[in-house]
Each structure stands twice: as C-alpha cells, then as structure tokens.
Amino acid sequence: MTAARKPPSDQDGFFWKTKKMEEMSPAEWESLCDGCGRCCLNKLEDEDTGEIYFTDVSCRLLDSCSAGCKSYANRFDFVPDCVVMTPEKVRTLTWLPPSCGYRLVAQGRDLYWWHPLISGDPNTVHEAGVSVRGRVEGTEEAIPDEELEHHLVQWPGQLPKRARLKRRPKD
C-alpha cells in the first residue's frame, strides 16, 4: 500500500518547504511569525482538563494597533516569562493559533496568502482579519487576573473566512 500523495504546492522550493525548522537561520525562523499578536494574548488553563482558553487581554508590551511588541529586542527585561518560539515548542504548544506560521510549517502545510512571506506586505495579516488589531480589550496591567475569566474569547483559536481563501480577495 502506498502513502497518499500530497497535492502540489506553489510554495515548493521556499525555505520553509526545503529546510527543517532546526536548519533555518535566525532571520528565516523569525520571518515565519506572521505578526498577528495572538500568541501575546493572556490565556487561562483549566486545571482539570488542561484545556486552554484565550482572553482578549494582552501582554503589557503588545501594541494592539500594530499587533507587534513594543520592545521585542528587550522583552525579557520586562516580561521574563515571554515564550521563545523554538522548533520543539512549536511542535508541543497546544495553544498556538491554527493560523500560526510556525505551526503551519511544523505541520508541513502551506502558509496562507496573507502571510507576509507570501504577500510581501506585513499589513495583509490585518487585512485578512487574523491579527489582534482592534480586538484587545486591555493589557494585563489594566485588567486584574481575577477578572480574566470575564474576558474569554474564541476568535484567537479560529481562522476568519477571509483568511481561509486561497488567494487575496479583490475588493
């Protein structure tokens, strides 16, 4: 019995298709981040089931307008428990959004049309409705931990319809 053949990809030949994650240069690795900011949202874990729930409350360093970190190079000075994405973590973290470039590459899947490596434009992640832009209620500094359960949201674990399209929509 032969294995099912994967459909051809128009991304064959790109570094994320030809290299193992561990072989990527630091610049290549960093470029897999689509800049959505979803991983910078606070999450709650059910102690009994281990299930992860997203909130609309962000890390204090997240700029909710750009969906980028206000101090990426120095983030550990301010947020010591900020997660560094590594190939091992990407393969094991259950809370990475389904749209995450790291997650897609780890699964051998293509990047979406709106990923900056495909579109050539860092704003398409916002255009596709994937980023946290305009969806953050506040930062962890403004919203106390005991109120986080009142800020649970499902959208970070979902992929908007527009983002699922095969190509950039023509407006």
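Numbers for the structure displayed
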| read-out | value |
| --- | --- |
| Matching residues in the range 134-171 - criterion: being closer than 21 Å to CYS59 by Cβ and among the acidic types (Asp, Glu) | GLU137, GLU140, GLU141, ASP145, GLU146, GLU147, GLU149 |
| Which listed residue, of ASP81, ASP10, ASP56, is among the acidic types (Asp, Glu) and at pLDDT 95 or above | ASP56 |
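The values are calculated or read from the model by the stated rules, or taken from the named source; none is laboratory data. Everything quoted here is computed from the prediction, not taken from an experiment. With ideal geometry, Cβ positions are generated from the backbone for all residues, glycine too; neighbour counts draw on all protein chains shown.
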